[in-house]
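Report on the structure given below.
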Amino acid sequence: MLFLLVLLVAGGYVLGIIGFFRANSALAELRSLRRAVAELGARPAATVAPEATVAPEAAVVPPAVAPTPQPAREATAEPAAPPSAAPSRDLETLLTARWGVWLGSAALLLAGVFLIRYAVDQELLGPAARCALAAVLGVALTGSAEWLTRHEPPSIPGPFRTDQAPAGLAAGGTAILFGAAYGAGPFYGLLPPLLAFACLAAASLIALAAALRYGPLTAATGIAGAFATPALVTTQNPSLPGLFVYLTLVTAAALVVVRYTAWIWLGWATTIAGCIWVCVAAAQTSPDEWAAAAFVPVAAALNLFLLPGAALDHPIGRRLAWVPFAAIGAAGLVLETQVSGNAPLIALFLMSPIAVWRGYTEPRLDRLPWLAALLGLLTLLFWALPAWTATGETITVEGIVEAFLPGAWAPAIIRPLIVSAALFAAFHAAAGLWLERRAPHPLNWAALVGAVPVLTLVVAYAQVARFQGDFRWAIVALALAGALTGTAGAAAAESARQRAGVHAAGAVAALALACAVLLHNHWLTLAIAMFLPALAWIEARADLPPLRHVALAVAAVVLVRLVLNWYVLEYAFATSPVVNGLIAAYALPAAAFAFAAVLFRRRADDLLVATLEAGAVTFAAFFVALEIRHGFNDGYLVGAFDFNEFAVHLLTISIQATMYLYLAHRTGRTVFDRAWRILGSVALVIAVGLLVFSPALMGGRVTVSALLAAYLVPAALAVTARRLGVGAAISRVLGIYALVSGFAWITLQIRYLFHPGRMDLLFGGVEDAELWAWSGAWLVYGVALMMLGIRTGDRLVRMAALGVVGVVCAKVFLIDMSDLTGLFRVMSFLGLGLALIGLGVVHRRFVLPTGASKDARDEMPTA
């Protein structure tokens, strides 16, 4: 917290200095322009001879690009005086006339503060004398500034034409006057409250007048000193009410200066300083924290009331409306989290009437109530609710609920929260219903009706019920849905289609909340997902593009709950295969996302549509994968994997990747293109893992269908993907995988036929018939690849076929010659010999002529 405070103070100081330099530079440029305009007005007009004519087009050429006109020989215009060279900045003058004066004003301020501090420490003077001497010192410094201003020497040309000494004296004097008024009033209690308030107000007015007369340096030093005085002067019995009355006056004075001078930096510095003092009060233990809480809505109202309407014509002026409002509200939230009692809560809830009032009186700020509503919702969410238990009683017989005896509608400990939430929602709904018929932008007010009551109910439900099922909250949500349906019907009767759409969206949200209250775990996510098609229908019928942003947020919530939520693995989905809770958890949300994507795409193909399509694809993949997990683990999603399960995962992912590849080529959708690439990469990783950690190495029980799913079918799908078109590099990778996977399937299938219960080669024996079967099957595989390569003209396939045949040759001469005996050895060598001779004949008759003709064509001369 201390680091944050230091950072904020330093940031405010830097912003103030930067703003001061910018303002001073702008003021100097303004004075220069005024002097130039005055000189042009005093200069006699040039006369031009009648013969000298100017083309009409020259009058409309912008000065920045217009060529320099050549004066006619007959023209008698007076030649312009050469511009005087701008005086260079003198370092000595800069150090003495600028920086030294600024440093001196700061030294004067600190001297006054430390003089009073010294008197307090040494007990030289009483409180009254200290305050009086401080006031005299402040008046003397301010009077000296006025005397210097009235006796200012003639204007000096150049960057140092403005004397900074009066501004420095006035800055120190006004800051000391602030400190004297604060000391005589709240600090020492020398004056009664009314008179102390008058003195503080007088000091504020003096600071205001001085800042308006002596420029931004006075405002910067005076306001900094005014906000720092309470921290520099300590007392045994500090008064928070007096402190924040003083800060309110300082804030008002600073904002009045901002109003009449447009010094933006002063507005930011005032906001930051006020927020820091609220956070400091939050760290104190005092029974008067209500004063800091009261400062929050008062400061927000001052910022909005004193901001001129002309400032809202510019972006920085509009930021001056909502950024201080948000910053002060955030400071109020910090106060709420650190201070017990109702004062911070009331202060934050009062931000809503202020925002509604300002949004009504200034249409350009009609979105400010949304910010106030957000602060109110956070107030409810941060409400420190102690532990409590329901007063009802449940009667059970042998674990079966027989009856429920209701208690009080709500325990006394949670009633303030429920009542506050109800009043908060009712206020925004009433304000929205009243102003949506009268304001220039009705949708901004209608959104309060459709959103704030539903969000308030969600926050209250989360605070009180902790997202546990409770039919009473569902009844409230259904009642709210009915009320919003009524307001939607009333708006439709008034032919206000967009307003009706906003209210209808709120009704659908309330209905989804009612379902979510009664449902648990994945049922809650399903209820949220079913909200999307309804939003799409309302968006199309009511022509409400902003609902697309709402739908995007809803889609993000569903994606997070179903994809990034590890607790999904612990949900109870029942034990029946296929037909279980996973359908509601993933299949139905996938369908809802896909249907909503179709509806939203009819009006625009944007990020929302892409997100919904990606969500549908993701949920479908998760549904299939979790169904496989569920089936192999007897209804549980957490457990060990085996080869058979990995094989089915590989098969399903490969099928999905191939399907999305086909759809990507047919539709051109980017989502399908990304889907097949991602799923294909996952399938390839699993496939390589199954090739490396195959049953021949790891052992284990497998089935024929598992071998097909792990090797042969994915190889066929890889070949299909190559034919659909996947790019040269990916096609080469898929081709290599298909060849290796087909070879692995043949090898493992033969191994399974001879040793169905013991597939591993390290500890299991190998029979002669098995060795011969491998040689024969591999040889047939190589011949088949050669035929395929010849038919398709693919040299890579033919080379792979020769590689397989080479493996067979190596096996026959290295293994079969020593391990096989009798007829198996004869058949092995006989088959290999016939195959090699046959391949030679085929290659000579079908491959070489094609290559020769190609070479001949390449050697033919071209015309």
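The values are calculated or read from the model by the stated rules, or taken from the named source; none is laboratory data. Note that the structure is a prediction, hence the values are computed from the model and not measured. Here Cβ is always computed from backbone atoms with ideal geometry, including for glycine, and neighbour counts include all displayed protein chains. SASA here: full protein model, heavy atoms, side chains in, ligands and nucleic acids out. Shrake-Rupley method; radii C 1.70, N 1.55, O 1.52, S 1.80 Å.
In this structure, is Arg438 out of contact with any strand residue (DSSP E or B) (no Cβ under 9 Å at 6 or more places or on another chain), of a type in the set (Lys, Arg), open to solvent by less than 40 Å² (accessible area, probe 1.4 Å) and closer than 21 Å to Trp370 by Cα?
No.
Going by the structure shown, is Ala479 open to solvent by less than 60 Å² (accessible area, probe 1.4 Å) and aliphatic (A, V, I, L, M)?
No, not satisfied.
Which members of segment 331-351 meet the condition of being closer than 18 Å to Ala451 by Cβ and crowded, with 24+ Cβ neighbours inside 10 Å?
The one that is closer than 18 Å to Ala451 by Cβ and crowded, with 24+ Cβ neighbours inside 10 Å: Met351.
Let me spell it out: the conditions are (1) closer than 21 Å to Gly267 by Cα; (2) surrounded by fewer than 24 Cβ atoms within 10 Å (Cβ to Cβ); (3) at pLDDT 70 or above, and Leu208 meets all of them except one. Which number is the exception?
Status for Leu208: all satisfied but (3).
Given the conditions (1) open to solvent by less than 40 Å² (accessible area, probe 1.4 Å); (2) touching a Phe, Trp or Tyr at 6+ places or on another chain (Cβ under 9 Å); (3) closer than 19 Å to His549 by Cβ, report the number of the one that Ala604 does not fulfil.
(2)
Residues Ala591, Ala596, Ala584: which one is in a helix (DSSP H, G or I), among the hydrophobic types (A, V, I, L, M, F, W, C) and out of contact with any Leu (no Cβ under 8 Å at 6 or more places or on another chain)?
Ala591
Please pick out the residue among Arg666, Arg701, Arg677 that is of a type in the set (Lys, Arg) and over 43 Å from the mean Cα position of the chain (by Cα).
Among Arg666, Arg701, Arg677, only Arg701 is of a type in the set (Lys, Arg) and over 43 Å from the mean Cα position of the chain (by Cα).
Do the conditions hold for Thr670, that is, is it touching a residue at least 12 places away in the same chain (Cβ under 8 Å), surrounded by fewer than 17 Cβ atoms within 10 Å (Cβ to Cβ) and either in contact with a Phe, Trp or Tyr (Cβ under 8 Å, 6 or more places away or on another chain) or of a type in the set (S, T, N, Q) (or both)?
In short, yes.
Looking at (1) among the polar types (S, T, N, Q); (2) surrounded by fewer than 21 Cβ atoms within 10 Å (Cβ to Cβ); (3) at pLDDT below 85; (4) assigned to a helix (DSSP H, G or I), find the lone condition where Thr248 falls short.
It fails just one condition, (3).
Among the small types (Gly, Ala, Ser) and in a loop (DSSP other than H, G, I, E, B), is that true of Gly615?
No: the conditions fail for Gly615.
Any idea how many residues of segment 256-294 are open to solvent by less than 10 Å² (accessible area, probe 1.4 Å) and in contact with a Leu (Cβ under 7 Å, 6 or more places away or on another chain)?
10
I need the full set of residues from segment 493-508 which are open to solvent by 40 Å² or more (accessible area, probe 1.4 Å) and under 14 Å from Pro442 (Cα atoms), in order please.
Glu494, Ser495, Arg497, Gln498
Is it fair to say Leu455 is open to solvent by less than 40 Å² (accessible area, probe 1.4 Å) and either in a helix (DSSP H, G or I) or closer than 25 Å to Trp383 by Cβ (or both)?
Against the criterion (open to solvent by less than 40 Å² (accessible area, probe 1.4 Å) and either in a helix (DSSP H, G or I) or closer than 25 Å to Trp383 by Cβ (or both)), Leu455 does not qualify.
Conditions (1) open to solvent by less than 50 Å² (accessible area, probe 1.4 Å); (2) farther than 22 Å from Gly486 by Cα; (3) modelled with pLDDT of 85 or more, marked per residue:
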| position | (1), (2), (3) |
| --- | --- |
| Pro533 | yes, no, yes |
| Arg548 | yes, yes, yes |
| Tyr567 | no, yes, no |
| Phe573 | yes, yes, no |
| Gly581 | yes, yes, no |
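Collect the residues in segment 310-325 that are in contact (Cβ under 8 Å) with a residue 12 or more places away in the chain and open to solvent by 30 Å² or more (accessible area, probe 1.4 Å), keeping them in residue-number order.
Ile316, Arg318, Trp322, Val323 - these are the residues of segment 310-325 that are in contact (Cβ under 8 Å) with a residue 12 or more places away in the chain and open to solvent by 30 Å² or more (accessible area, probe 1.4 Å).
Does Ala784 count as over 60 Å from the mean Cα position of the chain (by Cα), at pLDDT 70 or above and not hydroxyl-bearing (Ser, Thr, Tyr)?
no
May I ask you to verify whether Pro577 is surrounded by 19 or more Cβ atoms within 10 Å (Cβ to Cβ) and not polar (S, T, N, Q)?
The answer is no for Pro577.
What number of residues within segment 420-439 are more than 32 Å from the chain's Cα centre (by Cα) and over 15 Å from Ala490 (Cα atoms)?
Going through segment 420-439 one residue at a time, the tally reaches 1.
Can you tell me which condition Leu796 does not meet? The list is (1) modelled with pLDDT under 80; (2) in a helix (DSSP H, G or I); (3) open to solvent by less than 30 Å² (accessible area, probe 1.4 Å), and all the others hold.
Only one criterion is unmet by Leu796, namely (3).
What about Thr142, is it part of a helix (DSSP H, G or I) and at pLDDT 70 or above?
yes
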